[in-house]
């Protein structure tokens with residue numbers, strides 16, 4: 001099974017700032033912040049937008065953990 005991390009953890013593991021990820025995905029920094037601070041926001045995002053995020057981070061969609069905690073905290 002692939003490891004699951006929160007969006008913020010993946011972003012940090014891949015060396016992106018919120019600003020850089022936002023620019024690559026084509027959204028505002030505030031949007032990335034909202035996704036990181038409330039997983040419900042990420043869960044409600046369009047599939048196309050989430051797919052852009054996972055493509056930039058070079059991960060699979062099911063590797064973003066959408067629960068309250070993640071397997072590994074960073």
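The values are calculated or read from the model by the stated rules, or taken from the named source; none is laboratory data. Every value quoted in this text rests on a predicted model; they were computed, and no experiment measured them. Quick reminder, even Gly has a Cβ in these numbers, built from the backbone with ideal geometry, and neighbours come from all protein chains shown.
Just so you know, in region 6-25 the residues that are exposed (fewer than 14 other Cβ atoms within 10 Å of the Cβ) and touching a helix residue (DSSP H, G or I) at 6+ places or on another chain (Cβ under 7 Å) include one that is nearest to residue 59 (Cα to Cα), and it is 14. Taking first residues from region 21-33 that are assigned to a loop (DSSP other than H, G, I, E, B) and partners that are surrounded by 14 or more Cβ atoms within 10 Å (Cβ to Cβ), the Cβ contacts under 8 Å between residues at least 6 apart in sequence or on separate chains come to 26/52; 27/49; 28/22.
Residues 21, 57, 13: which one is modelled with pLDDT of 95 or more and touching a strand residue (DSSP E or B) at 6+ places or on another chain (Cβ under 8 Å)?
On the way: 21 fails: touching a strand residue (DSSP E or B) at 6+ places or on another chain (Cβ under 8 Å); 57 fails: touching a strand residue (DSSP E or B) at 6+ places or on another chain (Cβ under 8 Å).
Of the residues listed, the single one that is modelled with pLDDT of 95 or more and touching a strand residue (DSSP E or B) at 6+ places or on another chain (Cβ under 8 Å) is 13.
Scanning region 1-20 for residues that are within 16 Å of residue 64 (Cβ to Cβ) and assigned to a loop (DSSP other than H, G, I, E, B), which turns out nearest to the chain's Cα centre (by Cα)? First the steps, then the outcome.
Initial filter on region 1-20 (within 16 Å of residue 64 (Cβ to Cβ)): 1-14, 16, 18.
With assigned to a loop (DSSP other than H, G, I, E, B) added as a condition, the list becomes 1-4, 6, 14, 16.
On the way: 1: 19, 2: 15, 3: 14, 4: 11, 6: 6, 14: 11, 16: 11 Å.
Across region 1-20, the extreme among qualifying residues is 6.
Check off (1) surrounded by fewer than 13 Cβ atoms within 10 Å (Cβ to Cβ); (2) in contact (Cβ under 8 Å) with a residue 12 or more places away in the chain; (3) within 11 Å of the chain's Cα centre (by Cα) for residue 55 and give me the number that stays unchecked. The failed condition is (2).
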